1. Quick one: in the range A:1-22, which of the residues that are basic (Lys, Arg) and outside any helix (DSSP H, G or I) is farthest from A:Ile303 (Cα to Cα)?
2. Just checking, how many residues over the range A:28-58 are touching a Lys or Arg at 6+ places or on another chain (Cβ under 7 Å) and either small (Gly, Ala, Ser) or part of a loop (DSSP other than H, G, I, E, B) (or both)?
3. The conditions are (1) modelled with pLDDT of 95 or more; (2) of a type in the set (Gly, Ala, Ser); (3) loosely packed, with under 14 Cβ neighbours inside 10 Å, and A:Gly57 fails exactly one of them. Which is it?
4. Those residues that are within 16 Å of RNA strand B (Cβ to nearest atom), under 20 Å from A:Ala171 (Cβ atoms) and touching a Lys or Arg at 6+ places or on another chain (Cβ under 9 Å), I need them from the range A:222-281; list them, please.
5. Search the range A:56-85 for residues that are on the phi < 0 side of the Ramachandran plot and without any contact (Cβ under 8 Å) to a residue 24 or more places away in the chain and pair each with any residue that is more than 13 Å from RNA strand B (Cβ to nearest atom) and not in a strand (DSSP E or B) when their beta-carbon atoms are under 6 Å apart and the residues are at least 6 apart or on different chains.
6. Would you confirm, using the coordinates I've provided, whether A:Ser361 is of a type in the set (Ser, Thr, Tyr) and either in contact with a Phe, Trp or Tyr (Cβ under 9 Å, 6 or more places away or on another chain) or more than 21 Å from A:Asn379 (Cα to Cα) (or both)?
7. State all residues of the range A:320-352 that are in contact (Cβ under 8 Å) with a residue 60 or more places away in the chain, among the acidic types (Asp, Glu) and closer than 17 Å to A:Leu382 by Cα; if no residue qualifies, say none.
8. So, in the range A:361-390, of the ones that are free of Cβ contacts under 8 Å to residues at least 24 places away in the same chain and polar (S, T, N, Q), which residue ends up surrounded by the most Cβ atoms within 10 Å (Cβ to Cβ)?
Amino acid sequence: MTEFRAPVGTRDVLPPESARWERLVAVFAGTVERAGYGLVLSPMFEDVGVFERVGEGTDVVRKEMYDFEDKGGRRVALRPEGTASVVRAYVQHRPTPPFKAWYVAPNFRYERPQAGRFRQHHQLGVEVLGTDDADLDVEVVALAWSVGAALGLAQVTLLLNSLGDDACRPAYLELLKSFLASAALCDEHAGGYEQNPLRVLDCKRDACRSATETAPRLVDNLCEACAAHFARVRSGLDTLGVPYTLQPRLVRGLDYYTRTTFELAAGALDSAQNAVGGGGRYDKLAEALGGPATPGIGFGMGIERLLLACDAEGVFPGPPSAVDVWVVDTAGGGAALALTHELRAAGISADRSFDGRSMKSQFKSADRSGARVALVVGNDELAAGTMTLRDLRGGDQETVARADVVEHVRKLLS
RNA sequence: GUGGCCGUAGCUCAGCAGGUUAGAGCGCCAGGUUGUGGCCCUGGAGGUCGGGGGUUCAAGUCCCCUCGGUCACCCCA
């Protein structure tokens, strides 16, 4: 084992896997930019308060925050999730609403790694601030769905729920608490659930599962405004033909959600971590971060998990990484140096061998690279002012004048 | 943070109940073919057997600790 390794819970992504990442990001960017979303780049660490403010009770900030003190004595934390940073940037810069943003960024959580879970993982996501129009909820949910579809994922389920708002949630929580008071919960929740009784609904243990089967459902206790909003979201998704499953137990890990919440579950993943994406509305978040009351909604998708799901379904293969031309030079390397440069300048991808290897070795490299053509320059060609152009698929080759090489290569590649 | 399983070449692994200089396949390099890749053949390079301590005449093999990987719980992307 080598002396230094990537830190616990982190991974190096090397070619050819990295090419797949690039393609995934491109698919995502294409999908959301067609919908008017612009890229936002924000720091990958923030004052720890940014995250604490939005998620006090949640595990994500209570026990998983990757925080430390910097040389200036500031308490900072590596970003555990994407929304808080974008909302903080919105509050700081006040762009004209509706502000539609997308991002691709690393997130950090200090937890033990396992299948589909890392200390550093990467999320693609969107956030929109400045409107609580239910049609926007539909747009955002549909975008998340579209990304899965664009990747070719077929076994993905869209889970949908509404968590209500200040007008209806408090009353519902009281209702739920009194129900839970006489329920036989799992060991952990039997101890207490005052902090966040909603979590009990999300508990996966059998005891809680069966005990809460008959629990009052939030969707049945929404206030008039929330009920109307949710109804519009659902009919909108129906209109767009986006299939969803109503999941009244869907709570999600961040406390800031209001009204619409959703999750994309990958059916092909049998690991415990099968959520490839999730999000929802957060109408109180901007205020919590010291800004004006501004409704917002967004979602995040995990790159590692999306790719895991793609593997499981056998879709979205990595692109074949191949250069078009391999220059084989047995006459000292000068021709390879000039020719690769010239080809690249002409927009043709080209590579070569180094270290003065044998012709056989250079051809092997050419073959492994997947190049379609090899351009050979030896002493004969050098003397004659020509090059040998070989089609590596078939094996035919011809001699062409040095000056016409780029043209001939173009013709062969087209 | 808790628990199960696992750490032997770049990769996937073998290594019989502790016993000579630790092996294979793939990959890599070179040669067979002094101007030609894919197939084949031959050779070569590459290992403090994760690290430390212990038991023993002798440890890759047994014991302890530690680090790392992996899976699960919790929770999440």
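1. Among those residues, the one meeting the criterion is A:Arg5.
2. 4
3. The one condition A:Gly57 does not meet is (1).
4. Selection gives A:Pro248, A:Arg249, A:Val251, A:Tyr256, A:Tyr257, A:Thr258, A:Thr260, A:Thr261, A:Arg281.
5. Partner pairs satisfying both residue conditions: A:Val61/A:Glu52; A:Asp67/A:Val48.
6. For A:Ser361, the condition - of a type in the set (Ser, Thr, Tyr) and either in contact with a Phe, Trp or Tyr (Cβ under 9 Å, 6 or more places away or on another chain) or more than 21 Å from A:Asn379 (Cα to Cα) (or both) - is not met.
7. Within the range A:320-352, just A:Glu342 meets the criteria.
8. A:Thr386
The values are calculated or read from the model by the stated rules, or taken from the named source; none is laboratory data. All values reported here derive from a predicted model rather than from experimental measurement. Virtual Cβ from ideal backbone geometry, glycine too; neighbours counted across all protein chains shown.
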